[in-house]
Amino acid sequence: MIYVKRNESNQIIDICFDEKENYEKSSIFNEEIKTFIQNSNNQNQVKEIMTNLDLDMVRITEDVIEILIKKEILLFTDFPEAVQSKLLFKRFLRQALSKNGVNLTEDGESIQFN
């Protein structure tokens, strides 16, 4: 779902993918969103949105890898050693932080693998 924030003139001033106060649901096909993105005055904000999406995609990729391994479609050992080390360390960090009450996802949504 996509959410937009509007100013007093009812123009979109921000876009996000998490439900927040003062944001309303919208559609990715909304022409106003296209206009907002194409407006040269919003380019820094659009770049920030892209950066946040890139970070979200990294997490999605990690989750897909975990699912493929769990379903035995992919073997952990299929990855080069450097990738294995990074995946293991990332998993270790998430587990260590979650034990200390640190939530690494903004909306509390996560997939748990044992």
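None of the figures in this text is laboratory data; all of them are computed from the coordinates on show. Values in this document were obtained by computation on a predicted structure and should not be read as measured data. Positions of Cβ are backbone-derived with ideal geometry, glycine not excepted, and every protein chain shown enters the neighbour counts.
Limited to the stretch 20-39, what total is found for residues that are without any contact (Cβ under 8 Å) to a residue 24 or more places away in the chain, of a type in the set (D, E, K, R) and not in a helix (DSSP H, G or I)?
So the answer is 3.
Within the stretch 68-85, which residues are surrounded by 13 or more Cβ atoms within 10 Å (Cβ to Cβ) and part of a helix (DSSP H, G or I)?
Selection gives LEU68, ILE69, PHE76, GLN84.
Would you mind telling me which numbered condition in (1) free of Cβ contacts under 8 Å to residues at least 12 places away in the same chain; (2) out of contact with any helix residue (DSSP H, G or I) (no Cβ under 8 Å at 6 or more places or on another chain) PHE79 fails?
Of everything listed in (1) free of Cβ contacts under 8 Å to residues at least 12 places away in the same chain; (2) out of contact with any helix residue (DSSP H, G or I) (no Cβ under 8 Å at 6 or more places or on another chain), PHE79 misses just condition (2).
Could you give me the residue pairs with C-beta distances under 9 Å whose first residue belongs to the stretch 43-69 and is without any contact (Cβ under 8 Å) to a residue 24 or more places away in the chain, whose second residue is exposed (fewer than 10 other Cβ atoms within 10 Å of the Cβ) wherever it lies, and which are 6+ apart or on separate chains?
Correct list of pairs: ILE69/LEU75.
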